[in-house]
1. Using just the alpha carbons, could you tell me how many Å³ per residue the convex hull of the chain encloses?
2. Starting from the 7 Å offset along Cα-to-Cβ, what nm value, one decimal, do you get for the label separation of residue 45 and residue 6?
3. Considering the options 28, 67, 11, tell which one lies farthest towards the positive end of the dipole of the chain, charges being +1 on Lys and Arg and -1 on Asp and Glu at the Cβ, about the Cα centre.
4. Once fully extended, how much extra length lies between residue 73 and residue 31, figured as 0.36 nm per residue of separation less the alpha-carbon to alpha-carbon distance?
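FYI, it's all coordinate maths here, none of it is from the lab. Predicted, not measured: the structure shown is a model, and the values here were computed from it. For neighbour counting, all protein chains shown are included, and Cβ atoms are generated from backbone atoms with ideal geometry for every residue, glycine included.
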Amino acid sequence: DGSVRIAQAWGFELSEVKARVGWWHGEQDTNVDPAAGLASTARLSRVTTHFVDGGHYALYEHADEAMTSLANAR
């Protein structure tokens, strides 16, 4: 029908993810409430959470820190 879906099911449960996950989320995000991020991370078994100052695009302000974290992941 040509409509754009912003959100849809991912096709798997977060509890099924076994890989390590680094989750970055802006504490003042008005697009995706930080409470939703907390609910999501609670279902991941191997997650390191980074709730940082900023909004929906806070990761851009913390890109160096995020890339260093990713590079040092084992």
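1. 118 Å³
2. Between residue 45 and residue 6, the label points sit 3.4 nm apart.
3. 11
4. Details: separation 42, 0.36 × 42 = 15.12 nm, distance 2.81 nm.
Residue separation times 0.36 nm, minus the Cα-Cα distance, leaves 12.3 nm.
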